[in-house]
1. Across region 393-414, what is the total count of residues that are in contact with a Gly (Cβ under 6 Å, 6 or more places away or on another chain) and either open to solvent by less than 30 Å² (accessible area, probe 1.4 Å) or in contact (Cβ under 8 Å) with a residue 24 or more places away in the chain (or both)?
2. Here are 224, 293: which of them is at pLDDT 90 or above and either open to solvent by 40 Å² or more (accessible area, probe 1.4 Å) or part of a strand (DSSP E or B) (or both)?
3. Looking at 203, 179, 215, 162, which is the one that is open to solvent by less than 70 Å² (accessible area, probe 1.4 Å), in contact (Cβ under 8 Å) with a residue 40 or more places away in the chain, out of contact with any Ser or Thr (no Cβ under 7 Å at 6 or more places or on another chain) and hydrophobic (A, V, I, L, M, F, W, C)?
4. Buried (at least 16 other Cβ atoms within 10 Å of the Cβ) and modelled with pLDDT under 80, is that true of residue 284?
5. Report every pair of residues separated by at least 6 positions or lying on different chains whose Cβ atoms are under 9 Å apart, first residue within region 575-586 and within 19 Å of residue 556 (Cα to Cα), second open to solvent by less than 60 Å² (accessible area, probe 1.4 Å) and in a helix (DSSP H, G or I).
6. For region 271-281, which positions are farther than 15 Å from residue 312 by Cα and either in contact (Cβ under 8 Å) with a residue 12 or more places away in the chain or surrounded by 22 or more Cβ atoms within 10 Å (Cβ to Cβ) (or both)?
7. Which of the residues spanning region 282-305 are of a type outside the set (A, V, I, L, M), touching a residue at least 40 places away in the same chain (Cβ under 8 Å) and over 16 Å from residue 352 (Cβ atoms)?
Amino acid sequence: MNLLPKTSEEFATKDYWNKFFQKRGKSAFDWYGEFPELCGILSKYIKTKDTILNVGCGNSKLSVDMYNTGYNSITNIDLSEVVIDQMRKMFKDQGKWIQMDATKMSFTNEEFSVVLDKGTLDAMMSEEGESQMVREYFENVTRVLKNGGRFVVISLLQAHIIAAILNFFPINNFLVRVIRCREAEEKTASTNDDKTSMPVFVIVVTKFSKLPTKIFELSNDGEAIERLPDEDALTNSILNIQRASIIRNGLIRKNSYDDEINFDLYRQNEKTPRYSLYILDQKSSKNLKEYAAFIVPQGRETEWLFATKQGRKKLLESAQHSRLAIVVMHRGQAYTTLDDIKLEINETVKSFAPRGVKDLSKVPFLSLGSDVGRRNVIFKGTSALSGDFVVEDVVSDSDKTFRRLIFLNNQFVIQSEALLKKIKKKTAIDHSYLSCQHHVYMILGLLMADTNGADNLVIGLGGGGLLMYIHNFLKNTRMTVVEIDPEIVRVAREFFGLLEDEKRLKVVTADGLEFLKSKRDEKFQSILFDVDSKDQTIGISCPPREFLMKETLAAVKSSLLPNGIFVLNFVCRDASLRASTIKEITEIFPQIISYKLDEDVNEIFYCFPQKVTNFNEMFTRAGKKLNSLKRDTVDLEELIEKLKINS
């Protein structure tokens, strides 16, 4: 199985190729390989009985080696009279040597069954853009080739070169097949000081009198041939192979990376990823082994250890290898056994080994057990606001089953989670379980506000786990929850056990901001924001930016009772953006107290409409109330120590 990576557009760009050729000059064409590396592929498409034209022969010994192997009908041409004289003197009995312009060939029509080009097209198209010279070259090749003949091109296939080939030959009844020559790459890597290489391709375009349809084929391993639907699919596959090589070269050159590198792996001709790969390094030491791969069981990819940079860094340290490749499986793909996965990704994983690993046959595969993991999708849906989503049941390593809501545009993040339990052989939601640690600290805010008998407002429903927990264990608390997405409300009711209560738990489907403005005359003991942002470009994942505007914050403050509290679930990865947000909030609220969770990106802000002086006492009292529930507890001493006061 051939797996191809897709990465950011910074790879395989014009700048990269410019640097490649500037650095290597004429020696760049040594990367194409000679006959020992190319013969395995060439022998499949060029037979000893063929009449062969070698175009732009230069001083390469490729055709001489072919002649000595039994290819006795070879004509070599080159524009340079000097090089032709040199080759004729050295190898006069090993083929014909003629000075000729490849764009103005004087041969008769259909004289050759094979036209061979090793690097000539690449040299001719050293600049981007399809020139008239290239078109004339292709027209001459077409004219001198017999019907059923092959134009065999050995190339590094920059984007503008594959574009030129695809713009001309398919519409002129040529079948296009591209074969990757790994032997040439391995030879180059073994001889280069830095052990790097670039993919070398053999393009075979076969002439027909008439083709009923365009045909495009690709072999990434030199053996298996895959048929692709169109020019774009072939171009993208080639580009992705090149990107993988550039990533690999970067990893080879550097012994360590400060940050992880990640990309998706695709099967050829598929638009959805099969795996995600994360490559991490740590400083080598005598106690560390060289390289390993870790396969994350499906259903576990959303856990902190695998879904966050901090978690993956922790996994790297505990795996005790200098480099770790973390492999994540994707939804919508079928996986059988762990052994089958190892077999499928083995070659890809080996290609990213650090420089100096001598025996790649012994790269260990690590995991959490011998199972690929279980993920049972029980519902697929689409929200007008959040896009496609799934509700799935996942079994953990402790054999507990969790129900999860996942938005597919951010599929490594759990939107909502609930623990399932059995009641009289039926499956039900365990509302005593809080899946999100930040919910514990949001409840702490409720308890500080002493909500008995007062109204409380929550904006953001998700699966409703926070609300059902409050409803079940804080019996005197009245909640109104506002959710903008009717599809999420339906999912919470049907799959996460949300039960409304006219007296104590009301669900309103509306825009939370508009709801706040419409309730200016109502007062709440507490207001909680637990809303994710759909815009991932601004550095704040929760809440949306408009929820932090001064107008919104002022509306929140005016809707609170004097001794009330505003509890904000805040997720921000930008320190300067966090500082500016706190500044804006403190312009409305005279005091903010924040608590940052250790293993989560969440930070809880407790915002007070009036100055608080006895916050230690207040938090201790609320913490004791929470701990008395004997459900989810907090370490009071640690809590008080880690609170940050922003006034």
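The values are calculated or read from the model by the stated rules, or taken from the named source; none is laboratory data. Given the structure is predicted, the values throughout are model-derived calculations rather than measurements. Positions of Cβ are backbone-derived with ideal geometry, glycine not excepted, and every protein chain shown enters the neighbour counts. These area figures cover heavy atoms from the full protein model, side chains too; ligands, DNA and RNA do not enter into them. Shrake-Rupley method; radii C 1.70, N 1.55, O 1.52, S 1.80 Å.
1. Going through region 393-414 one residue at a time, the tally reaches 2.
2. Details: 224 fails: at pLDDT 90 or above.
None of the others qualify; the one that does is 293.
3. So the residue among 203, 179, 215, 162 that is open to solvent by less than 70 Å² (accessible area, probe 1.4 Å), in contact (Cβ under 8 Å) with a residue 40 or more places away in the chain, out of contact with any Ser or Thr (no Cβ under 7 Å at 6 or more places or on another chain) and hydrophobic (A, V, I, L, M, F, W, C) is 215.
4. Working: buried (at least 16 other Cβ atoms within 10 Å of the Cβ): yes; modelled with pLDDT under 80: yes.
Judged against the criteria, residue 284 is a match.
5. 581/548; 584/548; 584/553; 585/548; 585/553
6. Listed by number, the residues that qualify are 272, 273, 274, 275.
7. 297, 298, 299, 300, 301, 302, 304
Residue-by-condition table, conditions (1) among the polar types (S, T, N, Q); (2) under 20 Å from residue 494 (Cα atoms):
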{"site": "398", "(1), (2)": "yes, no"}
{"site": "401", "(1), (2)": "yes, yes"}
{"site": "405", "(1), (2)": "no, yes"}
{"site": "408", "(1), (2)": "no, yes"}
{"site": "419", "(1), (2)": "no, yes"}
{"site": "426", "(1), (2)": "no, yes"}
{"site": "441", "(1), (2)": "no, no"}
{"site": "450", "(1), (2)": "no, no"}
